[in-house]
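The values are calculated or read from the model by the stated rules, or taken from the named source; none is laboratory data. A quick note: this is a predicted structure, and the numbers were derived from the prediction, not measured. Cβ atoms come from the backbone with ideal geometry, glycine included; neighbour counts cover every protein chain shown. What goes into the accessible areas is simple: the full protein's heavy atoms, side chains included, and nothing from ligands, DNA or RNA. Shrake-Rupley method; radii C 1.70, N 1.55, O 1.52, S 1.80 Å.
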Number of protein chains: 2
Amino acid sequence: MADLKLKDLRYLVALADTRHFGRAAERSFVSQPTLSAQLKKLEDYLGVQLIERAPKRVALTAAGEEIVERARRILEASEEIVELAKGHRDPLAGQLKLALLPTIGPYLLPNVAARLRKQLPRLELMLYEYQTDPMLEKLHSGEIDVGILALPVQMDGLDSYELYKEPFTVAVPTSHKLASRQSIKVDDLAHETLLLLEDGHCLRDQALDICSGADVNEKQNFRGSSLETLRQMVAAGVGITLLPELAGRGAYGAARGVTIRPFVKPVPTRTIGAVWRKSSARREAILALAKLIEAHAL
Amino acid sequence: MADLKLKDLRYLVALADTRHFGRAAERSFVSQPTLSAQLKKLEDYLGVQLIERAPKRVALTAAGEEIVERARRILEASEEIVELAKGHRDPLAGQLKLALLPTIGPYLLPNVAARLRKQLPRLELMLYEYQTDPMLEKLHSGEIDVGILALPVQMDGLDSYELYKEPFTVAVPTSHKLASRQSIKVDDLAHETLLLLEDGHCLRDQALDICSGADVNEKQNFRGSSLETLRQMVAAGVGITLLPELAGRGAYGAARGVTIRPFVKPVPTRTIGAVWRKSSARREAILALAKLIEAHAL
DNA sequence: GTCAGCCATAGATGTCTTCTATGGAGTTTA
DNA sequence: TAAACTCCATAGAAGACATCTATGGCTGAC
């Protein structure tokens with residue numbers, strides 16, 4: 001046997017309101033026989049008479065009254081679902097869980113935060129910081145919607161969008177001999193003491209990769225836990241380090257005792273991109289966000 | 001466009017539980033393509049993507065999660081309706097609003113109350129006392145389900161069942177000359193002072209009708225408001241009255257100073273019946289009640 | 001590279017809602 | 001008292017839509 005249908009409940013409530021089959025049918029945009037027959041089926045299905053049909057008087061039985069009451073609640077809740085869905089229709093609204101690399105987040109966000117609020121006002125960003133591998137895991141598991149990291153990464157099931165190419169810069173103590181140069185070659189780093197982040201930070205590998213040609217010495221027994229740690233170490237004269245350009249600019253860049261110098265061409269860079277699940281329903285919001293960052297990151 | 005269907009919500013909840021189209025379909029007793037297509041239609045109708053479809057991973061969007069939550073509530077409530085209906089299926093259960101004439105109620109109920117509780121234990125009787133006309137009104141309006149009164153009455157839209165024929169008896173002061181008779185003829189009432197109920201009581205009209213042949217005098221400036229008032233007046237020697245047989249028996253019948261005597265044949269009687277709306281859904285319970293009264297009233 | 005798992009699509013089928021037309025009971029009006 | 005009207009139920013036809021089986025396509029695993 002068929003089961004309960006919302007439509008039938010609507011018919012029943014319409015009848016309860018009008019106490020008249022014809023007008024209830026009209027209100028339900030169906031013919032009177034349709035409403036009549038469907039309500040009879042509803043009674044058959046429930047095994048209870050809901051309606052007293054008298055020539056000039058339609059009334060509900062006790063069972064009918066109780067069921068109408070619940071039917072109203074159900075119909076209200078079903079309307080809520082529709083309304084709720086309406087609220088979710090705007091692809092540029094709602095929560096978007098965004099993760100950034102620790103070497104990107106604090107330096108990129110100040111550049112785009114204001115524009116974000118203006119251009120995507122209904123997008124509620126939830127911010128997280130993860131290193132590449134945990135970020136990819138949380139992306140796959142659905143914990144976050146989009147990650148901003150250094151490309152390339154393993155892309156199975158993921159889509160990506162290239163945001164910008166970020167030049168590396170060299171950070172040296174202000175008193176260092178390289179501080180007087182306008183720009184620096186990779187070979188100039190030979191025999192320098194290089195300060196690097198701890199394992200897990202992709203920036204560590206990128207820096208090592210850049211310096212693989214030159215004969216540099218990584219400072220032993222030291223692993224910085226953040227770029228700010230590195231910066232302070234450089235200021236203290238312990239060694240030099242490589243900083244992504246964004247990290248060398250703005251409020252953070254002006255640290256005392258540290259001088260930032262660009263590389264000469266070909267400037268080593270890293271590619272920053274946004275990554276999300278191919279199957280993500282937030283693709284549209286993510287692309288809007290990505291394009292905004294692309295345009296205003298640097 | 002079609003509207004929300006409970007079945008679709010069931011599919012969605014099944015998918016939320018299993019996170020697998022095939023198993024959700026199995027749990028819903030439909031094929032996988034059916035569930036797939038219906039959920040897509042649901043998304044189209046709501047205008048929101050509810051499901052992230054990835055090769056090895058089915059997940060819900062934020063909208064999906066919220067809607068599933070409400071869908072669960074709706075489905076629970078719809079189950080409640082079915083359960084509620086089940087509880088109303090027993091035609092011999094539930095409330096039954098029963099009205100009796102004031103000249104019947106106190107005398108009939110003691111005879112049947114015990115049997116009622118035993119034979120119709122799930123029937124919850126709500127008792128009322130009304131005179132004939134208000135009773136018929138409340139019957140038509142649906143305020144009460146069944147009335148017990150003296151037939152015949154105006155039967156438009158009503159059904160009736162004859163319960164019993166109630167003989168009238170004569171109540172006289174014990175010191176009255178008629179008290180010594182074994183039985184009484186209507187003509188014996190000639191020149192007696194007759195005590196009657198106030199207007200509105202059908203018993204008043206019945207008594208007047210019976211006595212219309214004899215030359216009796218209704219006590220002026222007096223109208224009893226209940227049979228008990230009349231009985232006390234008789235005991236006080238003010239006059240005589242007619243009592244329905246049930247009112248002359250049992251606990252009430254034994255009042256001091258009052259003697260009850262039967263009429264000789266043809267004994268005047270009134271016909272007591274049950275009356276209900278032709279359209280009433282409680283017909284079955286009413287008939288069961290009526291047959292019980294018919295068997296055990298006298 | 002092949003295989004298995006899984007969801008989407010296509011086309012056919014059948015159920016069930018819905019319609020119009022009509023019947024029948026009851027009430028009101030001429 | 002008959003006729004017209006109101007209102008709900010029934011009948012039969014038409015149409016909409018959910019459902020099925022078969023199949024395709026994509027992905028991840030061995």
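In segment A:153-201, which residues are on the phi < 0 side of the Ramachandran plot and within 16 Å of DNA strand D (Cβ to nearest atom)?
The answer is A:V153, A:Q154, A:M155, A:D156, A:L158, A:D159, A:S160.
Looking at segment B:157-212 only, could you name the residues that are open to solvent by 70 Å² or more (accessible area, probe 1.4 Å) and of a type in the set (G, A, S)?
B:S175, B:S180, B:S212 - these are the residues of segment B:157-212 that are open to solvent by 70 Å² or more (accessible area, probe 1.4 Å) and of a type in the set (G, A, S).
Looking at segment A:84-108, I want the residues that are in contact (Cβ under 8 Å) with a residue 40 or more places away in the chain and within 10 Å of chain B (Cβ to nearest Cβ) and have a partner that is crowded, with 22+ Cβ neighbours inside 10 Å and among the acidic types (D, E) with Cβ atoms under 8 Å, at least 6 apart or on another chain. Which pairs are those?
Pairs that qualify, where the first residue is in contact (Cβ under 8 Å) with a residue 40 or more places away in the chain and within 10 Å of chain B (Cβ to nearest Cβ) and the partner is crowded, with 22+ Cβ neighbours inside 10 Å and among the acidic types (D, E), are A:L96/A:D145; A:K97/A:D145.
Let me confirm something: among A:E52, A:E69, A:E76, which residue is at the interface with another protein chain (Cβ under 10 Å from one of its Cβ atoms), open to solvent by less than 20 Å² (accessible area, probe 1.4 Å) and of a type outside the set (A, V, I, L, M)?
When all the criteria are applied, what remains is A:E52.
Mind checking which residues of segment B:196-244 are within 15 Å of B:R270 (Cα to Cα) and in a loop (DSSP other than H, G, I, E, B)?
Residue satisfying the conditions is B:H201 alone.
Among B:M135, B:M126, which is more than 12 Å from chain A (Cβ to nearest Cβ), out of contact with any helix residue (DSSP H, G or I) (no Cβ under 7 Å at 6 or more places or on another chain) and at pLDDT 90 or above?
B:M135
Name, by its number, the condition in (1) closer than 19 Å to B:Y107 by Cβ; (2) open to solvent by 40 Å² or more (accessible area, probe 1.4 Å); (3) touching a Lys or Arg at 6+ places or on another chain (Cβ under 7 Å) that does not hold for B:R256.
Every listed condition holds for B:R256 apart from (3).
So is A:K177 assigned by TED's automatic domain parsing to the domain that holds A:I240 and charged (D, E, K, R) or not?
Yes: the conditions hold for A:K177.
Confirm whether B:R115 is surrounded by fewer than 15 Cβ atoms within 10 Å (Cβ to Cβ), touching a His at 6+ places or on another chain (Cβ under 8 Å) and not hydrophobic (A, V, I, L, M, F, W, C).
yes
Does A:E137 satisfy being touching a Phe, Trp or Tyr at 6+ places or on another chain (Cβ under 9 Å), open to solvent by 50 Å² or more (accessible area, probe 1.4 Å) and not aliphatic (A, V, I, L, M)?
Answer is yes for this residue.
Please work out which residue is nearest to DNA strand C (Cβ to nearest atom), limiting yourself to segment A:56-66 and to residues that are over 16 Å from A:L35 (Cα atoms) and more than 7 Å from every other protein chain (Cβ to nearest Cβ).
Restricting to residues being over 16 Å from A:L35 (Cα atoms) and more than 7 Å from every other protein chain (Cβ to nearest Cβ), the top hit is A:K56.
Would you call A:I272 over 14 Å from A:V170 (Cα atoms) and in contact with a strand residue (DSSP E or B) (Cβ under 8 Å, 6 or more places away or on another chain)?
yes
Counting just the residues of segment B:1-41 that are within 14 Å of another protein chain (Cβ to nearest Cβ), within 10 Å of DNA strand C (Cβ to nearest atom) and aliphatic (A, V, I, L, M), which one comes out surrounded by the most Cβ atoms within 10 Å (Cβ to Cβ)?
B:L39
Looking only at segment A:89-96, decide whether some residue is more than 42 Å from the chain's Cα centre (by Cα), buried (at least 18 other Cβ atoms within 10 Å of the Cβ) and not small (G, A, S).
No, segment A:89-96 contains no residue that is more than 42 Å from the chain's Cα centre (by Cα), buried (at least 18 other Cβ atoms within 10 Å of the Cβ) and not small (G, A, S).
Answer yes or no: is there a residue in segment B:284-296 that is crowded, with 20+ Cβ neighbours inside 10 Å, free of Cβ contacts under 8 Å to residues at least 24 places away in the same chain and not basic (K, R).
No, segment B:284-296 contains no residue that is crowded, with 20+ Cβ neighbours inside 10 Å, free of Cβ contacts under 8 Å to residues at least 24 places away in the same chain and not basic (K, R).
When only residues in segment B:252-295 that are among the hydroxyl-bearing types (S, T, Y) and in a strand (DSSP E or B) count, which is farthest from the other protein chains (Cβ to nearest Cβ)?
Out of the qualifying residues, it is B:T259.
Please work out if B:Q49 is within 30 Å of A:R89 (Cα to Cα) and among the polar types (S, T, N, Q).
yes
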